[in-house]
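In what follows, a single structure is set out as structure tokens and then discussed.
Coordinate-derived values only; no laboratory data. What you see is a predicted model; the values in this text were computed from it and never measured. Don't worry about glycine lacking a Cβ; one is built from the backbone with ideal geometry, like all the others, and counts go over all protein chains shown.
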Amino acid sequence: MAKDIDLMPREAAKKERTRGSVNKTVNITAVVSLLVVAAVLAALFGYQLFLASSAQRIDSQTKDSQEQVIAQSAKDITRRALVEKLDDTKEFLNSRLLFAGSYKIVLDILNKSGATLTEGKLKNDGIFTISADAKTTKILNKVVNALNDEKLKEDLKNIKLITLTKIPNEPYKFTVEYKALKRGLLEKASEGEGEK
Amino acid sequence: MDKVNTSVLRLYIVPLLVVLVILLLVPFVLLPQLQTIRDKNLEVRSGQERLDSINSKLEILGSIDEEKESSKLLEMEKLVPSSKELASLVVGVRSLAAKSGLSVAAMELSPGKVATSGATLLSSKKAKAFAVREKKEDSEKITFDLTLKSKKVSDLQKFLTDIQKTKRLFGVETIEIERDEKGVYTYVLEIIAPVRELRSSGDVVASPLPAFTDSHQSVFDFVADFINFTNVTFQKAKTGVKDPFK
């Protein structure tokens, strides 16, 4: 009977009850926080394990694929060499001045006019310097007119008379410089980029 | 008294400890883990990319007809060889000149210098870079000076036409023409012939295969009709023996 009698004053009992409730809340909060942190860490570790297994799978597949590529290395080397040589050929042929055609133009002009080629310097950058002899002014005029022909507009440009001398009893000696324009031995190879 | 102590412990100290542990976990455990995950993620991603690249390369390799490509390569090797085969080049040029009615007065070859003049000036990085570039350019071509003679000025034109259609690629850099009192023309030509060794660098296994396009096929078809003037075989002399002619 004495046990059931509450001997504590009312305020003290209330205070005791409040303290107990706060205590409980704090403990629950602490435990929940720890559980949340533990869950986050567990998730992170789990993701790490997943990444590690993915990396392992990728490594294994890469190793297999690499071995297959190495087994076909002859094809790889052949393809690379072939494409490199074709690219080099294309670049080389496209960079070449059409010497044969450009030289023929000059020869034809000189032959038809009656002039005689005495010296010449032809360069791949297109600059041609031609020295020739012309016995008469008529021949000289023919050369000049031929060089300035409209039909040669696409073949030559910047035609300049560099020197013209006449010594008695000798033919006219003249030097002409011009730029030859026709370049690129490859005409149609650069067209089309479709995959074979 | 004991009851008060345990109450203080449970009420204040334990929660404080929990908060402290959580706060310490973040910089010492959580952040390093995040960094590790980030790094691993990058590693997995780049590994996957490499794998995809290798697999797509495998597909292309599977579709290549090795015999056809090898025969094309053999043809292209005649145009742009992998090595500087001077003997066949010399013979080829001479036969081309003879075909055009020109006589070869002189031929001066510069196959490629081992040490360029620039290589001796190693005092600055720029000079070194120049020397390396020059050495690389020398190794990609043969340069030679060819002196030809003929009485007809049109003979050179034939030679220039033929040189544009030779299997072994030749290119003229400069031509100097001179006529003497007897009417004989001397032509000094500076000619280059490209050479291309196969170079590989970097991740050869995973690097993508170059595509063989219609443009490449067009170039191949264009040069297919070129004439081979340098298909001369030479018996190589024995080395390391007393008499190589036996």
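Overview of results
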quantity: Charged-residue dipole, Cβ positions (Lys, Arg, Asp, Glu), the stretch A:51-196 about Cα centre, Debye nearest 20; calculated: 760 debye
quantity: For the stretch A:1-87, diffusion coefficient by Stokes-Einstein and Kirkwood Rh (Cα), 37 °C, 0.692 mPa s, µm²/s; calculated: 160 µm²/s
quantity: Over 21 Å (Cα to Cα) - which of A:Lys157/A:Lys182; A:Lys153/B:Lys167; A:Lys135/A:Lys182; B:Lys84/B:Lys152; A:Lys157/B:Lys158; A:Lys160/B:Lys182 fall in this group; calculated: A:Lys153/B:Lys167; A:Lys135/A:Lys182; B:Lys84/B:Lys152; A:Lys157/B:Lys158; A:Lys160/B:Lys182
quantity: Size descriptor, Kirkwood hydrodynamic radius, that averages inverse alpha-carbon separations across the stretch A:1-153, Å; calculated: 26.9 Å
quantity: Shielding by partners, peptide B:40-46 (average Cβ within 10 angstrom, other chains); calculated: 4
quantity: Protection-proxy order for peptides A:87-94, A:70-77, A:160-167, each taking the mean of Cβ atoms within 10 Å per residue, highest first; calculated: A:87-94, A:70-77, A:160-167
quantity: Average beta-carbon neighbours from other chains, 10 Å sphere, peptide B:19-30; calculated: 2
quantity: 13 Å Cα-Cα reach of A:Lys85 towards aspartates and glutamates, excluding residues that sit fewer than 8 places from it in its own chain; calculated: B:Glu69, B:Glu75, B:Glu77, B:Glu140, B:Glu197
quantity: Spin-label model distance (nm) - A:Leu49 vs A:Leu161, 7 Å beyond Cα toward Cβ; calculated: 9.7 nm
quantity: Per-residue [θ]222 nm for chain A (sum of -39500 (n - 2.57) over DSSP H runs n ≥ 4, rounded to 500); calculated: -20500 deg cm²/dmol
quantity: Residue-averaged beta-carbon neighbours from other chains (10 angstrom radius) around B:170-181; calculated: 6
quantity: Taking only Cα atoms of the stretch B:139-208, radius of gyration then Dmax in Å; calculated: 18.4, 66
quantity: Distant-in-sequence amide H partners of B:Arg168 (H built 1.01 Å from N, under 5 Å); calculated: B:Phe229, B:Thr230
quantity: Sorted peptide list for B:206-215, B:60-69, A:125-134, criterion being average Cβ within 10 angstrom, highest first; calculated: A:125-134, B:206-215, B:60-69
quantity: Candidate aspartates and glutamates for bridging to A:Lys24, where Cα separation is under 18 Å - those fewer than 8 sequence places away on the same chain excluded; calculated: A:Glu16
quantity: Distance (nanometres) between label positions extended 7 Å along Cα→Cβ at B:Arg94 and A:Leu34; calculated: 9.8 nm
